Amino acid sequence: MLPVQAPASDGGLADWATDLMATFGAPGAGLIVALENVFPPIPSEIVLPLAGFAAGRGEFSVWAAILWTTAGSVVGAFALYLVGMLCSEGWVRRTIARMPLVSEDDVRKAESWFDRHGRASVFWGRMIPGVRSFVSIPAGQRRMPWWEFTLFTTLGSLVWNSVFVGGGYALGSRWQLVEQYAGVFQTVVLTLLVALVGWMLVKRYRRHRAVRRMEAPTQVLQPDDRS
């Protein structure tokens, strides 16, 4: 079995991820993704394609890479879900503001996203930068049922991880190209989400109009008084 050797990349992060995956295999990839959910400065757009590249070299199967990275996503997301449930909003924002490359606005953005899109935001949010990690916090603050949170997190993470791990697996030594096209995939996701929200609003409006027509009083015509 060949050891993972990452092509030239952004240096330390890829080397660190490579060492973990070389030592622990697919569970190492899952550990990195779990940390990425808790510490967003670790970009999954690099880690996931690198896991696919490692799978292509025979370190582990691509299915193991997808399974373990998805498990890592759920574990990391659930940790932030518990933070949102157990800690005050002020403490959460102050703590996150101390993290490098992260601000309180990231939490506010995730809260606004959750309030606008409800439970679906947990699924779609896994594919949106700036929301992917922090959407777990308002889900915990709003006491979203844990089983729903786990289900939507698993499904959303499975889609995201499969695309990026599969891309790294297919591209091999050119795995870095996946990161370059991440914005395209995210744009597609946002477009689908906007279309879905628009369709739901139109459907709700039509249902509202139908109810109003049914509730409108029927005018009773009286015969003309010809006397």
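Numbers at a glance
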| quantity | calculated |
| --- | --- |
| Shape call, region 73-125: gyration tensor on alpha carbons, a/c limit 1.5 | prolate |
| Sites matching trypsin sites (Lys or Arg not before Pro) across region 20-127 that sit in DSSP coil, with at most 12 neighbouring C-beta atoms within 10 Å | 98 |
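Here, each number is a calculation from the coordinates, and none is a lab measurement. Every value quoted in this text rests on a predicted model; they were computed, and no experiment measured them. Cβ: placed from backbone, ideal geometry, glycine included. Neighbour counts: every protein chain shown.
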